[in-house]
Amino acid sequence: MKPQTVIFIGPQGSGKGTQVERLTAYLHENSPAQAVVPIETGKGFRDLAETNTFTANRVREILEEGGMIPNFLTKAFVIKYLIKNLAADSHVTMDGFPRNLVQVHFIDDLMKFYKREGLTIVYLNVPEDVVRKRMQGRGRSDDTPELIDERLRLYREQTEPIVAEYKVRDDITFIQIDGELSIADVTHKMIEGMNI
């Protein structure tokens with residue numbers, strides 16, 4: 001199978017992580033010789049925040065305030081991860097990245113450098129009241145009402161312009177899915193849209 005590069009976009013609580021897992025399982029089943037390289041910046045920074053370095057302490061402070069990790073740190077994290085894990089025929093999934101237009105252009109540079117074609121965007125469109133309920137129900141310590149409000153504000157301000165940019169580009173496959181559908185239906189629409 002041609003190596004797939006798939007970016008999942010949607011607010012926290014939209015089901016991105018679940019669909020990444022389901023797409024990964026599908027790719028393992030249908031192209032078992034090809035690795036799937038997951039870029040999960042949110043999880044990566046939460047894991048980093050559990051360690052005890054000066055950088056980890058700063059990341060923890062930003063996460064506790066519901067803030068956005070600076071672009072330079074996100075880029076460094078992604079580059080280091082790709083250098084270590086990416087092979088020529090690997091599939092790549094991205095969850096929680098890009099978070100703003102600077103990171104969109106960074107991904108364009110990565111695609112050129114690695115000579116990858118065929119970027120796919122899976123946009124899970126879920127109303128704010130629904131994702132708010134989902135976040136409150138998942139039991140994470142950083143899902144307080146104040147931090148949820150701040151993350152949704154940042155999503156509207158920083159990430160929604162990404163959707164607008166990707167929607168009009170003719171060099172990518174843009175798949176918009178109603179994230180309130182059942183998990184199985186979302187997966188079906190995603191695979192159908194990717195035509196794999």
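The values are calculated or read from the model by the stated rules, or taken from the named source; none is laboratory data. Quick caveat, the model's predicted, so the values are computed rather than measured. Positions of Cβ are generated from backbone atoms using ideal geometry, with glycine treated the same way; all protein chains shown enter the neighbour counts. Heavy atoms of the whole protein, side chains included, go into the accessibility calculation; ligands, DNA and RNA do not. Shrake-Rupley method; radii C 1.70, N 1.55, O 1.52, S 1.80 Å.
Values for this structure:
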{"item": "Sole exception among (1) open to solvent by less than 60 Å² (accessible area, probe 1.4 Å); (2) without any contact (Cβ under 8 Å) to a residue 24 or more places away in the chain for K84, by number", "result": "(1)"}
{"item": "Unmet requirement for G66, which otherwise passes all of (1) assigned to a helix (DSSP H, G or I); (2) touching an Asp or Glu at 6+ places or on another chain (Cβ under 8 Å)", "result": "(1)"}
{"item": "The lone exception for G139 - which of (1) open to solvent by 30 Å² or more (accessible area, probe 1.4 Å); (2) assigned to a helix (DSSP H, G or I) it fails", "result": "(2)"}
{"item": "Selection within the stretch 66-81 - touching a residue at least 40 places away in the same chain (Cβ under 8 Å) and hydroxyl-bearing (S, T, Y)", "result": "Y81"}
{"item": "Hits in the stretch 9-34 - residues which are out of contact with any Pro (no Cβ under 8 Å at 6 or more places or on another chain), more than 18 Å from S182 (Cα to Cα) and open to solvent by less than 50 Å² (accessible area, probe 1.4 Å)", "result": "L27, S31"}
{"item": "Residue in the stretch 35-45 that is surrounded by the most Cβ atoms within 10 Å (Cβ to Cβ), counting only those that are within 9 Å of the chain's Cα centre (by Cα), modelled with pLDDT under 95 and not hydroxyl-bearing (S, T, Y)", "result": "E40"}
{"item": "Selection status of D89, surrounded by fewer than 16 Cβ atoms within 10 Å (Cβ to Cβ) and within 21 Å of K2 (Cβ to Cβ)", "result": "yes"}
{"item": "Residue list for the stretch 71-91, restricted to those being closer than 23 Å to A164 by Cβ and either not in a helix (DSSP H, G or I) or not aliphatic (A, V, I, L, M) (or both)", "result": "N71, T74, K75"}
{"item": "Only one of I162, I148 that is part of a helix (DSSP H, G or I), over 30 Å from K2 (Cβ atoms) and out of contact with any Asp or Glu (no Cβ under 8 Å at 6 or more places or on another chain)", "result": "I148"}
{"item": "Odd one out for N195 among (1) within 19 Å of Q12 (Cα to Cα); (2) exposed (fewer than 12 other Cβ atoms within 10 Å of the Cβ); (3) of a type outside the set (G, A, S)", "result": "(1)"}
{"item": "Any hit, the stretch 152-170, residues being among the hydrophobic types (A, V, I, L, M, F, W, C), within 15 Å of F8 (Cα to Cα), surrounded by 15 or more Cβ atoms within 10 Å (Cβ to Cβ) and touching a residue at least 60 places away in the same chain (Cβ under 8 Å)", "result": "yes"}
{"item": "Residue in the stretch 174-190 that is out of contact with any Ser or Thr (no Cβ under 7 Å at 6 or more places or on another chain), open to solvent by 80 Å² or more (accessible area, probe 1.4 Å) and at pLDDT below 90 present", "result": "no"}
